[in-house]
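Undergrad: Pasting a structure here, questions to come.
Coordinate-derived values only; no laboratory data. What you see is a predicted model; the values in this text were computed from it and never measured. As a convention, Cβ positions derive from the backbone with ideal geometry for all residues, glycine included, and neighbour counts pool all protein chains shown.
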Amino acid sequence: MRVHVLEHVPFEGIGSIEAWLAARKATIRRTRFHRAEGLPDPDSVDFLIAMGGPMSVNDEEGHPWLRQEKAFVRAAISRGLPVLGICLGAQLIASALGGRVYRNAAREIGWYPVEAVPVDGDVFRFPDRVSVFHWHGETFDLPPGAVRLARSGGCENQAFQLGRNVIGLQFHLETTVESAESLIQNCRHELVRSTYVQTEEELRAAPAAAYDTINRLMARVLAYLTKQS
């Protein structure tokens, strides 16, 4: 399996996804936009993962590579490739397909629950309620044809699916202790306590079981998209 990762900042890697892919002997390549790296031939990719970042998908003037990235995401989806978008990555999918991305009513940073949205058909099923790791200030309208999979008290569109091969997650299931600490170190200026923003101490207090839960759920998402056990 040839996996390509779209990476926007050096401190937001793929976390627990790396071990899952390594166990299946996947080849992992990356486009590091923060290093001005180019995009590959879409035909050389079997699975595309778009990661997070602090920029907005609307900031094409400040980050002109966003235009090329959105076109690449559209091309991957049109080819029927499995595509996973996480946080900014989910917003990129939505924007690339015509959905509006805008500031959410509340910034969400920390461990807060999301709830599954009942939906029919062949879609990924989230637990009825599960606490996950958030770090975002924007949200999106669902792109045409997408179905909502999860919501929360702070954000209505937490996860969506398009067809059988595309899933966007507003939250981070790939987070590890190390990747959470990396976000804290690089984005602590965003930790202004509010209804859905925790303190550094609260973020660091999450037990190992919380990470185990979201990483297992991430593994289920990956298995669903790639049709691998």
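Undergrad: About the Cα centre of segment 174-229, what is the dipole size in debye to 20, counting +1 per Lys and Arg Cβ and -1 per Asp and Glu Cβ, all else neutral? Each step should come with its number before you reach the end.
TA: On the way: 6 positive and 8 negative charges, 63 e Å.
The calculated dipole for segment 174-229 is roughly 300 debye.
Undergrad: Check each of the trypsin sites (Lys or Arg not before Pro) in segment 16-97 and keep only those in coil by DSSP with at most 14 other C-beta atoms within 10 angstrom; list them in order. Display every interim value, and only then the final one.
TA: Numbers: sites: 24, 25, 29, 30, 32, 35, 67, 70, 74, 79; in loops: 24, 25, 79.
Those that pass, being in a loop and sparsely packed, are 24, 25, 79.
Undergrad: Restricting to segment 2-226, compute how many DSSP beta bridges are antiparallel as a %, nearest 5.
TA: Numbers: 22 of 40 bridges.
If we restrict to bridges inside segment 2-226, about 55 percent are antiparallel.
Undergrad: Here's something else I'd like to know. Using only the Cα atoms of the chain, what do you get for the radius of gyration and for Dmax, in Å?
TA: For the chain, the Cα-based Rg and Dmax read 16.2, 45 Å.
Undergrad: Which trypsin sites (Lys or Arg not before Pro) from segment 143-229 combine a DSSP loop assignment with at most 13 other Cβ atoms within 10 Å?
TA: On the way: sites: 148, 151, 164, 188, 193, 204, 216, 220, 227; in loops: 164, 193, 227.
Qualifying residues, ordered by number: 193, 227.
Undergrad: Using the Karplus curve 6.51 cos²θ - 1.76 cosθ + 1.60 with θ = phi - 60°, what ³J(HN,Hα) values do you get for each residue of segment 174-180, in whole Hz, with x for Gly and Pro?
TA: 8, 5, 10, 4, 5, 6, 5
Undergrad: What does the net charge come to around residue 110 if you take all other residues with beta carbon closer than 12 Å to its beta carbon, with K and R at +1 and D and E at -1? Intermediate results must be reported in sequence, preceding the final value.
TA: Details: positive: 107, 193, 204; negative: 108, 190, 200, 201, 202.
That sum, taken over residues with Cβ under 12 Å, equals -2.
Undergrad: A further question follows. If I build a Gaussian network model for the chain, linking alpha-carbon pairs within less than 10 angstrom, which residue out of 38, 154, 168 has the largest mean-square fluctuation?
TA: 38
Undergrad: Follow-up question, since we're still on this one. Tell me the relative contact order for segment 2-226 as a rounded percent, counting alpha carbon contacts under 8 Å between residues six or more apart. Before the final figure, lay out the partial values.
TA: Numbers: 447 pairs, mean separation 44.8, N = 225.
Normalised by residue count, the contact order of segment 2-226 is 20 percent.
Undergrad: With charges set only on the Cβ (+1 for Lys and Arg, -1 for Asp and Glu), what does the dipole of the chain come to about its Cα centre, in debye to the nearest 20? Can you show the working numbers first?
TA: Values: 25 positive and 27 negative charges, 113 e Å.
Taking the Cα centre of the chain as origin, the dipole is about 540 debye.
Undergrad: GNM, the chain, Cα, under 10 Å: largest mean-square fluctuation among 45, 147, 177?
TA: 177
Undergrad: Just want the answer: with Cβ charges of +1 for Lys and Arg and -1 for Asp and Glu, which residue in 75, 57, 183 is farthest toward the dipole's positive end in segment 2-226?
TA: 75
Undergrad: Which residue fluctuates most in the GNM of the chain (Cα springs below 10 Å): 170, 161, 198?
TA: For the chain, modelled as a Gaussian network with Cα springs under 10 Å, the answer is 198.
Undergrad: Nearest 20 debye, what's the magnitude of the dipole of segment 27-124 about its Cα centre given +1 on Lys and Arg Cβ and -1 on Asp and Glu Cβ? Present the calculation step by step, with values, prior to reporting the outcome.
TA: On the way: 11 positive and 12 negative charges, 61 e Å.
Result for segment 27-124 is approximately 300 debye, rounded to the nearest 20.
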